[in-house]
Amino acid sequence: MRRRTSCIALGIALVAVACGGKTSSDTPPTPGIGVNDETPSDTPDPNAINVGVVLSLSGPDAVLGTPSLQAAQLAAEQLNALGGIRGKRIKLLVHDDRSEPSETRAAIDRLASQGVVLGVGPTTSTQAAAALDFFRSGRVLYVSPTAGSSILDVPDAHPESYTPTILFRARLPDSYLATAVAQHATGPVESGARRCSAATIVVEDDAESRAFAERIVFLYKRLSLRIEGPMLLPPAASTASVMAVARAVIGKLAVDRQCHIVITGTRTTAAYARAVERATAELGLASNTFTTIATGLGVSSASVIAEARQNPAAPTSPSSIEGWTLVLPDLTPRTPEHAAFASAWTAKYPDTAPDGTASAAYDATLLLALATARTTSTEVAPLGDALFAISQGRLRQGPTDLVKLVDAAVRGDDVDYEGASGMMNFALNGGYTPNDVLLFAVENGTPVPKGKFESSHLGDE
(Lines give C-alpha, C1' and ligand atoms only; values in the text may rest on other atoms or scores of the structure.)
Protein backbone atom coordinates (compact mmCIF):
# COMPACT_ATOMS: atom_id res chain seq x y z
CA MET A 1 0.00 0.00 0.00
CA ARG A 2 1.24 3.45 -0.78
CA ARG A 3 2.10 5.46 2.28
CA ARG A 4 1.05 9.02 1.70
CA THR A 5 2.56 11.88 3.60
CA SER A 6 0.54 14.73 5.00
CA CYS A 7 0.01 17.78 2.85
CA ILE A 8 2.32 20.38 4.34
CA ALA A 9 3.95 23.55 3.16
CA LEU A 10 7.41 24.16 1.85
CA GLY A 11 8.72 27.26 3.61
CA ILE A 12 11.30 29.77 2.61
CA ALA A 13 12.35 33.19 3.77
CA LEU A 14 13.53 36.27 2.00
CA VAL A 15 15.33 39.32 3.25
CA ALA A 16 15.18 42.85 2.01
CA VAL A 17 18.96 43.20 1.79
CA ALA A 18 21.28 42.02 -0.96
CA CYS A 19 18.55 41.71 -3.56
CA GLY A 20 20.88 43.08 -6.16
CA GLY A 21 23.94 45.20 -6.60
CA LYS A 22 25.25 46.64 -3.35
CA THR A 23 23.48 46.96 -0.06
CA SER A 24 22.91 50.25 1.68
CA SER A 25 26.27 49.75 3.42
CA ASP A 26 28.01 49.34 0.03
CA THR A 27 28.88 45.71 0.68
CA PRO A 28 30.62 44.44 -2.49
CA PRO A 29 29.15 41.51 -4.37
CA THR A 30 30.23 38.12 -3.04
CA PRO A 31 32.62 36.56 -5.56
CA GLY A 32 32.46 33.04 -6.87
CA ILE A 33 28.73 32.43 -6.89
CA GLY A 34 28.14 32.08 -10.59
CA VAL A 35 29.00 33.00 -14.14
CA ASN A 36 27.96 36.61 -13.75
CA ASP A 37 30.32 37.37 -10.85
CA GLU A 38 33.34 39.56 -11.13
CA THR A 39 35.59 36.56 -10.37
CA PRO A 40 33.77 33.51 -11.71
CA SER A 41 35.35 30.18 -10.92
CA ASP A 42 34.48 26.52 -11.32
CA THR A 43 36.98 25.47 -8.64
CA PRO A 44 35.43 24.36 -5.33
CA ASP A 45 36.34 26.41 -2.26
CA PRO A 46 37.17 24.23 0.77
CA ASN A 47 36.01 27.02 3.06
CA ALA A 48 32.60 27.42 1.37
CA ILE A 49 29.45 25.40 0.85
CA ASN A 50 29.89 24.39 -2.77
CA VAL A 51 26.71 23.87 -4.79
CA GLY A 52 26.82 22.70 -8.38
CA VAL A 53 24.42 24.32 -10.82
CA VAL A 54 23.94 22.08 -13.86
CA LEU A 55 21.44 23.78 -16.14
CA SER A 56 20.76 24.43 -19.80
CA LEU A 57 22.09 27.95 -20.39
CA SER A 58 22.27 27.53 -24.17
CA GLY A 59 20.32 25.47 -26.67
CA PRO A 60 16.54 25.04 -26.76
CA ASP A 61 16.15 24.55 -23.00
CA ALA A 62 17.89 27.80 -22.07
CA VAL A 63 14.45 29.38 -21.78
CA LEU A 64 14.18 27.34 -18.55
CA GLY A 65 17.81 27.19 -17.50
CA THR A 66 18.60 30.89 -17.62
CA PRO A 67 15.94 32.09 -15.14
CA SER A 68 16.79 29.10 -12.94
CA LEU A 69 20.41 30.25 -12.75
CA GLN A 70 19.38 33.83 -12.01
CA ALA A 71 17.16 32.63 -9.17
CA ALA A 72 19.91 30.44 -7.71
CA GLN A 73 22.29 33.41 -7.78
CA LEU A 74 19.71 35.57 -6.02
CA ALA A 75 19.29 33.00 -3.25
CA ALA A 76 23.05 32.59 -2.80
CA GLU A 77 23.60 36.34 -2.63
CA GLN A 78 20.92 36.76 0.02
CA LEU A 79 22.38 33.99 2.18
CA ASN A 80 25.92 35.29 1.77
CA ALA A 81 24.81 38.79 2.73
CA LEU A 82 23.74 37.33 6.08
CA GLY A 83 27.04 35.56 6.62
CA GLY A 84 26.23 32.31 4.84
CA ILE A 85 25.47 29.05 6.65
CA ARG A 86 27.39 28.30 9.85
CA GLY A 87 29.88 30.99 8.81
CA LYS A 88 30.45 29.54 5.35
CA ARG A 89 29.37 31.34 2.22
CA ILE A 90 27.51 29.62 -0.62
CA LYS A 91 29.50 29.19 -3.80
CA LEU A 92 27.70 28.18 -6.98
CA LEU A 93 29.73 26.21 -9.51
CA VAL A 94 27.88 26.76 -12.78
CA HIS A 95 27.94 24.33 -15.70
CA ASP A 96 26.03 24.79 -18.95
CA ASP A 97 24.97 21.41 -20.35
CA ARG A 98 23.90 23.06 -23.64
CA SER A 99 20.58 21.20 -23.50
CA GLU A 100 22.42 17.92 -24.16
CA PRO A 101 21.81 14.97 -21.77
CA SER A 102 25.34 13.63 -22.31
CA GLU A 103 26.77 16.95 -21.16
CA THR A 104 24.45 16.96 -18.15
CA ARG A 105 25.91 13.66 -17.05
CA ALA A 106 29.48 14.79 -17.71
CA ALA A 107 29.00 17.99 -15.68
CA ILE A 108 27.52 16.18 -12.66
CA ASP A 109 30.29 13.57 -12.87
CA ARG A 110 32.97 16.27 -13.00
CA LEU A 111 31.53 18.12 -10.02
CA ALA A 112 31.24 14.90 -8.00
CA SER A 113 34.86 14.06 -8.76
CA GLN A 114 35.73 17.46 -7.26
CA GLY A 115 33.80 16.62 -4.11
CA VAL A 116 30.75 18.73 -4.98
CA VAL A 117 27.77 16.53 -4.04
CA LEU A 118 25.02 19.19 -3.78
CA GLY A 119 23.43 20.63 -6.88
CA VAL A 120 20.59 22.54 -8.51
CA GLY A 121 19.35 20.97 -11.75
CA PRO A 122 19.12 19.39 -14.23
CA THR A 123 16.74 21.39 -16.39
CA THR A 124 14.64 18.65 -18.00
CA SER A 125 13.66 15.14 -17.04
CA THR A 126 15.38 13.78 -20.14
CA GLN A 127 18.65 15.37 -19.02
CA ALA A 128 18.14 14.18 -15.45
CA ALA A 129 17.53 10.63 -16.66
CA ALA A 130 21.02 10.63 -18.20
CA ALA A 131 22.49 10.88 -14.68
CA LEU A 132 19.84 8.88 -12.83
CA ASP A 133 22.35 6.27 -11.66
CA PHE A 134 24.33 9.02 -9.90
CA PHE A 135 21.26 10.02 -7.89
CA ARG A 136 20.13 6.47 -7.10
CA SER A 137 23.60 5.35 -6.03
CA GLY A 138 23.77 8.17 -3.48
CA ARG A 139 26.75 9.76 -5.16
CA VAL A 140 25.15 13.23 -5.34
CA LEU A 141 22.13 15.10 -3.98
CA TYR A 142 20.35 17.39 -6.45
CA VAL A 143 17.09 19.33 -6.50
CA SER A 144 15.68 20.02 -9.96
CA PRO A 145 13.40 23.05 -10.32
CA THR A 146 11.91 21.90 -13.62
CA ALA A 147 12.08 18.09 -13.98
CA GLY A 148 8.87 16.31 -13.02
CA SER A 149 8.48 13.17 -15.10
CA SER A 150 7.59 9.78 -13.67
CA ILE A 151 10.61 8.36 -15.52
CA LEU A 152 12.67 9.76 -12.61
CA ASP A 153 10.77 7.90 -9.89
CA VAL A 154 12.48 5.18 -7.90
CA PRO A 155 11.87 1.68 -9.34
CA ASP A 156 8.99 1.17 -6.92
CA ALA A 157 6.73 4.06 -7.96
CA HIS A 158 5.04 3.98 -4.54
CA PRO A 159 7.80 3.18 -2.03
CA GLU A 160 6.96 2.29 1.55
CA SER A 161 9.87 4.23 3.01
CA TYR A 162 11.96 7.24 2.14
CA THR A 163 15.49 6.89 0.78
CA PRO A 164 17.88 9.82 0.28
CA THR A 165 19.25 8.27 -2.93
CA ILE A 166 16.78 10.04 -5.19
CA LEU A 167 16.50 13.18 -7.26
CA PHE A 168 14.38 15.72 -5.42
CA ARG A 169 12.07 17.66 -7.70
CA ALA A 170 10.73 21.12 -6.86
CA ARG A 171 8.18 20.92 -9.63
CA LEU A 172 4.65 19.69 -10.20
CA PRO A 173 4.71 15.99 -11.13
CA ASP A 174 3.75 15.41 -14.74
CA SER A 175 1.10 12.90 -13.67
CA TYR A 176 -0.82 15.66 -11.85
CA LEU A 177 -0.66 18.02 -14.82
CA ALA A 178 -1.66 15.24 -17.23
CA THR A 179 -4.65 14.41 -15.04
CA ALA A 180 -5.73 18.06 -15.08
CA VAL A 181 -5.52 18.12 -18.89
CA ALA A 182 -7.62 14.95 -19.14
CA GLN A 183 -10.17 16.22 -16.62
CA HIS A 184 -10.63 19.46 -18.56
CA ALA A 185 -10.75 17.73 -21.95
CA THR A 186 -13.29 15.12 -20.89
CA GLY A 187 -15.36 17.42 -18.67
CA PRO A 188 -18.85 18.64 -19.61
CA VAL A 189 -19.73 21.83 -21.46
CA GLU A 190 -23.01 23.75 -21.07
CA SER A 191 -24.91 21.30 -23.27
CA GLY A 192 -23.92 18.44 -21.00
CA ALA A 193 -21.78 16.79 -23.67
CA ARG A 194 -18.10 16.14 -23.07
CA ARG A 195 -15.81 18.91 -24.19
CA CYS A 196 -13.56 16.51 -26.11
CA SER A 197 -15.12 13.08 -26.56
CA ALA A 198 -12.41 12.39 -29.16
CA ALA A 199 -8.93 13.88 -29.37
CA THR A 200 -5.61 13.76 -31.18
CA ILE A 201 -2.53 14.22 -29.05
CA VAL A 202 0.75 15.81 -30.23
CA VAL A 203 3.94 15.59 -28.17
CA GLU A 204 7.65 16.18 -28.43
CA ASP A 205 9.48 12.95 -29.18
CA ASP A 206 11.32 12.41 -25.91
CA ALA A 207 10.85 10.02 -22.99
CA GLU A 208 9.44 12.71 -20.71
CA SER A 209 6.75 13.90 -23.10
CA ARG A 210 5.80 10.37 -24.14
CA ALA A 211 5.29 9.38 -20.49
CA PHE A 212 3.12 12.49 -20.05
CA ALA A 213 1.03 11.51 -23.07
CA GLU A 214 0.65 7.93 -21.84
CA ARG A 215 -1.12 9.19 -18.74
CA ILE A 216 -3.65 11.17 -20.78
CA VAL A 217 -4.21 8.25 -23.17
CA PHE A 218 -4.78 5.94 -20.19
CA LEU A 219 -7.37 8.27 -18.66
CA TYR A 220 -9.17 8.66 -22.00
CA LYS A 221 -9.33 4.92 -22.55
CA ARG A 222 -10.54 4.34 -19.00
CA LEU A 223 -13.56 6.46 -19.92
CA SER A 224 -13.96 4.51 -23.19
CA LEU A 225 -13.28 7.69 -25.18
CA ARG A 226 -11.36 7.87 -28.43
CA ILE A 227 -7.88 9.36 -28.53
CA GLU A 228 -5.42 9.11 -31.40
CA GLY A 229 -1.66 9.48 -31.35
CA PRO A 230 0.58 10.59 -29.99
CA MET A 231 1.82 12.35 -33.09
CA LEU A 232 5.52 12.97 -32.47
CA LEU A 233 7.46 16.18 -33.02
CA PRO A 234 11.19 15.44 -33.25
CA PRO A 235 13.34 17.48 -30.82
CA ALA A 236 14.73 20.61 -32.49
CA ALA A 237 12.72 19.74 -35.56
CA SER A 238 13.09 21.81 -38.71
CA THR A 239 10.31 24.13 -39.81
CA ALA A 240 9.47 21.69 -42.61
CA SER A 241 9.16 18.77 -40.16
CA VAL A 242 6.92 20.73 -37.82
CA MET A 243 4.81 21.85 -40.75
CA ALA A 244 4.40 18.26 -41.94
CA VAL A 245 3.06 17.17 -38.55
CA ALA A 246 0.75 20.20 -38.38
CA ARG A 247 -0.73 19.48 -41.82
CA ALA A 248 -1.34 15.83 -40.92
CA VAL A 249 -3.01 16.72 -37.62
CA ILE A 250 -5.14 19.56 -38.96
CA GLY A 251 -6.25 17.44 -41.90
CA LYS A 252 -7.51 14.83 -39.44
CA LEU A 253 -9.17 17.39 -37.17
CA ALA A 254 -10.91 19.02 -40.14
CA VAL A 255 -12.67 15.73 -40.88
CA ASP A 256 -13.38 14.43 -37.38
CA ARG A 257 -13.72 17.73 -35.48
CA GLN A 258 -11.66 16.19 -32.71
CA CYS A 259 -9.96 18.14 -29.97
CA HIS A 260 -6.27 18.87 -30.23
CA ILE A 261 -4.04 18.23 -27.18
CA VAL A 262 -0.49 19.61 -27.40
CA ILE A 263 2.31 18.68 -24.96
CA THR A 264 5.49 20.54 -25.81
CA GLY A 265 7.99 23.01 -24.38
CA THR A 266 7.65 26.74 -24.88
CA ARG A 267 9.66 27.08 -28.11
CA THR A 268 8.28 23.95 -29.71
CA THR A 269 4.77 25.05 -28.77
CA ALA A 270 5.41 28.37 -30.51
CA ALA A 271 6.83 26.79 -33.65
CA TYR A 272 4.03 24.25 -33.81
CA ALA A 273 1.34 26.92 -33.19
CA ARG A 274 2.58 28.95 -36.14
CA ALA A 275 2.54 25.80 -38.29
CA VAL A 276 -1.00 24.96 -37.14
CA GLU A 277 -2.15 28.47 -37.98
CA ARG A 278 -0.69 28.15 -41.48
CA ALA A 279 -2.13 24.65 -42.03
CA THR A 280 -5.56 25.81 -40.86
CA ALA A 281 -5.48 28.69 -43.33
CA GLU A 282 -4.37 26.40 -46.17
CA LEU A 283 -7.49 24.29 -45.64
CA GLY A 284 -9.73 27.35 -45.45
CA LEU A 285 -10.81 26.55 -41.89
CA ALA A 286 -11.84 29.01 -39.22
CA SER A 287 -9.47 29.21 -36.25
CA ASN A 288 -12.24 27.99 -33.91
CA THR A 289 -13.01 24.86 -35.95
CA PHE A 290 -11.52 22.69 -33.22
CA THR A 291 -10.50 23.06 -29.57
CA THR A 292 -6.79 23.14 -28.73
CA ILE A 293 -5.57 22.41 -25.21
CA ALA A 294 -1.87 22.95 -24.55
CA THR A 295 0.50 22.26 -21.69
CA GLY A 296 4.15 21.38 -21.31
CA LEU A 297 7.44 21.54 -19.48
CA GLY A 298 8.30 25.00 -18.25
CA VAL A 299 5.49 26.60 -20.21
CA SER A 300 4.22 29.82 -18.68
CA SER A 301 1.26 31.64 -20.16
CA ALA A 302 3.23 34.82 -20.80
CA SER A 303 6.29 33.12 -22.30
CA VAL A 304 4.42 30.88 -24.73
CA ILE A 305 2.14 33.71 -25.90
CA ALA A 306 5.21 35.87 -26.57
CA GLU A 307 7.16 33.08 -28.30
CA ALA A 308 4.17 32.20 -30.50
CA ARG A 309 3.64 35.68 -31.90
CA GLN A 310 3.24 35.68 -35.66
CA ASN A 311 6.20 38.06 -35.77
CA PRO A 312 8.34 37.19 -32.72
CA ALA A 313 10.32 40.42 -33.12
CA ALA A 314 7.17 42.54 -32.71
CA PRO A 315 5.85 42.57 -29.11
CA THR A 316 2.36 43.61 -30.23
CA SER A 317 2.10 41.05 -33.04
CA PRO A 318 -0.89 38.66 -32.73
CA SER A 319 -0.09 35.34 -31.10
CA SER A 320 -0.61 32.09 -33.01
CA ILE A 321 -2.08 30.46 -29.91
CA GLU A 322 -5.03 32.84 -29.87
CA GLY A 323 -8.08 30.86 -28.78
CA TRP A 324 -6.05 28.03 -27.26
CA THR A 325 -6.62 26.79 -23.72
CA LEU A 326 -3.53 26.52 -21.48
CA VAL A 327 -3.40 24.12 -18.52
CA LEU A 328 -0.47 25.13 -16.32
CA PRO A 329 0.80 24.68 -12.75
CA ASP A 330 0.42 27.56 -10.34
CA LEU A 331 4.02 28.40 -9.39
CA THR A 332 3.40 32.11 -8.83
CA PRO A 333 0.91 31.98 -5.96
CA ARG A 334 -0.59 35.10 -4.45
CA THR A 335 1.23 34.72 -1.16
CA PRO A 336 3.53 36.93 0.92
CA GLU A 337 6.33 34.45 0.19
CA HIS A 338 6.08 34.85 -3.55
CA ALA A 339 5.50 38.60 -3.31
CA ALA A 340 8.74 38.98 -1.34
CA PHE A 341 10.62 36.85 -3.87
CA ALA A 342 9.20 38.86 -6.78
CA SER A 343 10.25 42.10 -5.10
CA ALA A 344 13.79 40.82 -4.57
CA TRP A 345 13.94 39.57 -8.17
CA THR A 346 12.80 42.93 -9.56
CA ALA A 347 15.45 44.73 -7.52
CA LYS A 348 18.18 42.50 -8.95
CA TYR A 349 16.77 41.95 -12.46
CA PRO A 350 14.64 45.03 -13.19
CA ASP A 351 14.18 44.23 -16.88
CA THR A 352 12.49 40.85 -16.39
CA ALA A 353 9.64 39.36 -14.40
CA PRO A 354 10.08 36.08 -12.49
CA ASP A 355 8.15 33.06 -13.68
CA GLY A 356 7.40 29.73 -12.02
CA THR A 357 10.71 28.31 -13.16
CA ALA A 358 12.58 31.03 -11.30
CA SER A 359 10.62 30.69 -8.07
CA ALA A 360 11.14 26.90 -8.04
CA ALA A 361 14.90 27.29 -8.62
CA TYR A 362 15.07 29.84 -5.83
CA ASP A 363 13.37 27.37 -3.51
CA ALA A 364 15.65 24.53 -4.64
CA THR A 365 18.77 26.56 -3.81
CA LEU A 366 17.51 27.61 -0.39
CA LEU A 367 16.42 24.07 0.44
CA LEU A 368 19.91 22.75 -0.21
CA ALA A 369 21.39 25.52 1.94
CA LEU A 370 18.96 24.75 4.76
CA ALA A 371 19.95 21.08 4.61
CA THR A 372 23.55 22.10 5.29
CA ALA A 373 22.31 24.23 8.17
CA ARG A 374 20.43 21.32 9.71
CA THR A 375 23.35 18.87 9.61
CA THR A 376 27.10 19.36 9.84
CA SER A 377 27.71 16.24 7.76
CA THR A 378 28.99 16.55 4.21
CA GLU A 379 27.79 13.07 3.25
CA VAL A 380 24.91 12.62 0.81
CA ALA A 381 22.69 10.44 3.01
CA PRO A 382 22.54 12.78 6.07
CA LEU A 383 22.11 15.80 3.79
CA GLY A 384 19.27 14.03 1.99
CA ASP A 385 17.67 13.16 5.32
CA ALA A 386 17.92 16.82 6.39
CA LEU A 387 16.43 18.04 3.11
CA PHE A 388 13.52 15.64 3.38
CA ALA A 389 12.91 16.55 7.04
CA ILE A 390 12.72 20.26 6.26
CA SER A 391 9.76 19.56 3.96
CA GLN A 392 8.03 17.45 6.60
CA GLY A 393 7.99 19.69 9.68
CA ARG A 394 5.25 21.29 11.72
CA LEU A 395 6.68 24.78 12.37
CA ARG A 396 6.01 26.84 9.27
CA GLN A 397 8.81 29.25 8.41
CA GLY A 398 8.12 31.78 5.68
CA PRO A 399 9.98 34.28 3.51
CA THR A 400 9.64 37.23 5.83
CA ASP A 401 12.73 36.42 7.90
CA LEU A 402 15.63 34.50 6.39
CA VAL A 403 17.74 34.85 9.53
CA LYS A 404 15.03 33.21 11.61
CA LEU A 405 14.66 30.40 9.08
CA VAL A 406 18.38 29.58 8.96
CA ASP A 407 18.71 29.76 12.75
CA ALA A 408 15.77 27.38 13.14
CA ALA A 409 17.40 24.90 10.75
CA VAL A 410 20.73 25.12 12.62
CA ARG A 411 18.96 24.41 15.93
CA GLY A 412 17.23 21.40 14.37
CA ASP A 413 13.75 22.83 14.83
CA ASP A 414 10.88 20.98 13.18
CA VAL A 415 10.86 23.39 10.23
CA ASP A 416 8.08 23.30 7.68
CA TYR A 417 9.51 25.09 4.64
CA GLU A 418 7.15 27.24 2.58
CA GLY A 419 8.62 28.92 -0.45
CA ALA A 420 8.25 31.36 -3.29
CA SER A 421 6.67 28.72 -5.53
CA GLY A 422 4.11 27.73 -2.91
CA MET A 423 3.49 24.56 -0.99
CA MET A 424 5.93 21.72 -1.30
CA ASN A 425 5.94 18.40 0.47
CA PHE A 426 8.59 16.01 -0.80
CA ALA A 427 7.11 12.58 -1.37
CA LEU A 428 8.90 9.33 -0.68
CA ASN A 429 10.06 9.11 -4.30
CA GLY A 430 11.50 12.63 -4.44
CA GLY A 431 8.52 14.36 -6.04
CA TYR A 432 6.24 16.63 -4.07
CA THR A 433 2.63 17.37 -3.32
CA PRO A 434 1.97 20.15 -5.81
CA ASN A 435 0.09 23.37 -5.98
CA ASP A 436 -3.14 23.78 -7.90
CA VAL A 437 -3.28 23.69 -11.69
CA LEU A 438 -4.65 26.76 -13.48
CA LEU A 439 -6.75 27.02 -16.62
CA PHE A 440 -6.30 29.95 -19.03
CA ALA A 441 -7.94 30.96 -22.32
CA VAL A 442 -5.81 33.04 -24.67
CA GLU A 443 -7.96 36.01 -25.64
CA ASN A 444 -6.59 39.02 -27.54
CA GLY A 445 -3.06 37.93 -26.78
CA THR A 446 -3.72 37.76 -23.04
CA PRO A 447 -4.08 34.74 -20.74
CA VAL A 448 -7.52 35.00 -19.14
CA PRO A 449 -8.03 32.82 -16.02
CA LYS A 450 -10.90 30.37 -16.44
CA GLY A 451 -10.62 28.18 -13.37
CA LYS A 452 -8.36 25.79 -11.52
CA PHE A 453 -7.95 22.17 -10.51
CA GLU A 454 -7.13 21.60 -6.85
CA SER A 455 -4.08 19.41 -6.35
CA SER A 456 -5.93 17.23 -3.85
CA HIS A 457 -8.15 16.02 -6.72
CA LEU A 458 -5.30 15.22 -9.11
CA GLY A 459 -2.99 12.81 -7.35
CA ASP A 460 -4.96 9.58 -7.21
CA GLU A 461 -6.85 7.74 -9.89
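Among the residues making up region 352-369, none is assigned to a helix (DSSP H, G or I) and without any contact (Cβ under 8 Å) to a residue 60 or more places away in the chain.
Can you tell me how many residues within region 329-347 are over 20 Å from P173 (Cβ atoms) and surrounded by 18 or more Cβ atoms within 10 Å (Cβ to Cβ)?
Narrowing region 329-347 to residues over 20 Å from P173 (Cβ atoms): 334-347.
The next check asks that each one be surrounded by 18 or more Cβ atoms within 10 Å (Cβ to Cβ); those that pass are 335, 337-338, 340-341, 344-345.
Matching residues across region 329-347 total 7.
The residues in region 258-278 that are without any contact (Cβ under 8 Å) to a residue 40 or more places away in the chain and out of contact with any Asp or Glu (no Cβ under 9 Å at 6 or more places or on another chain) can be counted, and the count is 2.
Mind checking which residues of region 164-196 are among the aliphatic types (A, V, I, L, M) and assigned to a loop (DSSP other than H, G, I, E, B)?
At the first step, the residues of region 164-196 found to be among the aliphatic types (A, V, I, L, M) are 166-167, 170, 172, 177-178, 180-182, 185, 189, 193.
Matches in region 164-196: I166, L167, A170, L172, V189, A193.
When restricted to residues that are touching a strand residue (DSSP E or B) at 6+ places or on another chain (Cβ under 8 Å) and assigned to a loop (DSSP other than H, G, I, E, B), region 314-339 contains 12. Being over 30 Å from L458 (Cα atoms), aliphatic (A, V, I, L, M) and at pLDDT below 90 is a description that does not apply to L331.
In region 136-149, the residues that are at positive phi form Cβ pairs under 7 Å with partners that are of a type in the set (S, T, N, Q) and surrounded by fewer than 24 Cβ atoms within 10 Å (Cβ to Cβ), at six or more places apart or across chains, as follows: G138/T165.
Among the candidates L439, L383, the residue that is part of a strand (DSSP E or B) and of a type outside the set (F, W, Y) is uniquely L439.
Residue pairs whose Cβ atoms lie under 9 Å apart, sitting 6 or more positions apart in sequence or on different chains, and linking a residue in region 199-224 that is over 24 Å from V276 (Cα atoms) and free of Cβ contacts under 8 Å to residues at least 24 places away in the same chain to a partner that is β-branched (V, I, T) and surrounded by 24 or more Cβ atoms within 10 Å (Cβ to Cβ), are K221/I227. On the basis of being surrounded by 20 or more Cβ atoms within 10 Å (Cβ to Cβ) and of a type in the set (S, T, Y), does T316 make the cut? Against the criterion (surrounded by 20 or more Cβ atoms within 10 Å (Cβ to Cβ) and of a type in the set (S, T, Y)), T316 does not qualify. Can you pull out the residues in region 349-385 that are β-branched (V, I, T) and either within 17 Å of the chain's Cα centre (by Cα) or farther than 15 Å from L141 by Cβ (or both)? Within region 349-385, T352, T357, T365, T376 meet the criteria.
Among the conditions (1) at pLDDT below 80; (2) touching a helix residue (DSSP H, G or I) at 6+ places or on another chain (Cβ under 9 Å); (3) under 28 Å from D355 (Cβ atoms), the only one that A313 does not satisfy is (2). Only residues in region 301-312 that are under 12 Å from A273 (Cβ atoms) count as the first member; pair them with residues that are basic (K, R) and surrounded by 16 or more Cβ atoms within 10 Å (Cβ to Cβ), Cβ under 8 angstrom, at least 6 apart or cross-chain, and list the lot. Within 8 Å, the pairs are E307/R267; A308/R274; Q310/R274. Against the numbered list (1) part of a loop (DSSP other than H, G, I, E, B); (2) within 30 Å of R169 (Cβ to Cβ), N311 comes up short only at (2).
For region 80-138, list the helices (runs of 4 or more DSSP H) that sit wholly inside it and hold at least 3 residues that are farther than 20 Å from S209 by Cα and modelled with pLDDT under 95; which are they?
132-136
Restricting to region 276-295, and then to whatever is surrounded by fewer than 24 Cβ atoms within 10 Å (Cβ to Cβ) and among the small types (G, A, S), can you tell me which residue is farthest from R171 (Cα to Cα)? Restricting to residues being surrounded by fewer than 24 Cβ atoms within 10 Å (Cβ to Cβ) and among the small types (G, A, S), the top hit is G284. Could you tell me how many of the residues in region 139-149 are touching a Lys or Arg at 6+ places or on another chain (Cβ under 8 Å) and either of a type in the set (D, E, K, R) or at pLDDT below 85 (or both)? Total satisfying the criteria: 1.
Among all residues of region 137-149, there is at least one that is over 19 Å from L367 (Cβ atoms) and crowded, with 19+ Cβ neighbours inside 10 Å. When R98 is tested against (1) buried (at least 24 other Cβ atoms within 10 Å of the Cβ); (2) over 14 Å from A358 (Cα atoms); (3) touching a Gly at 6+ places or on another chain (Cβ under 7 Å), only condition (1) is not met. Residues in region 386-430 that are under 22 Å from S150 (Cα atoms) and either in a helix (DSSP H, G or I) or in contact with a strand residue (DSSP E or B) (Cβ under 8 Å, 6 or more places away or on another chain) (or both): L387, F388, S391, Q392, M424, N425, F426, G430. The residues of region 197-212 that are part of a strand (DSSP E or B) and among the aliphatic types (A, V, I, L, M), listed by number, are A198, A199, I201, V202, V203. Here A420, A441 are screened, and the one residue that is of a type in the set (A, V, I, L, M, F, W, C) and buried (at least 20 other Cβ atoms within 10 Å of the Cβ) is A420. When region 78-87 is filtered for residues that are in contact (Cβ under 8 Å) with a residue 60 or more places away in the chain and either within 20 Å of T376 (Cβ to Cβ) or surrounded by 24 or more Cβ atoms within 10 Å (Cβ to Cβ) (or both), the ones remaining, listed by number, are Q78, L79, N80, L82, I85, R86.
Applying the criterion of being among the polar types (S, T, N, Q) and assigned to a loop (DSSP other than H, G, I, E, B) to the residues of region 218-252, the residue that is modelled with the lowest pLDDT is S238.
The values are calculated or read from the model by the stated rules, or taken from the named source; none is laboratory data. Predicted model only: the values in this text are computed from it and were never measured. Note that each Cβ is placed from the backbone with ideal geometry, even for glycine, and that neighbours are counted across all protein chains shown.
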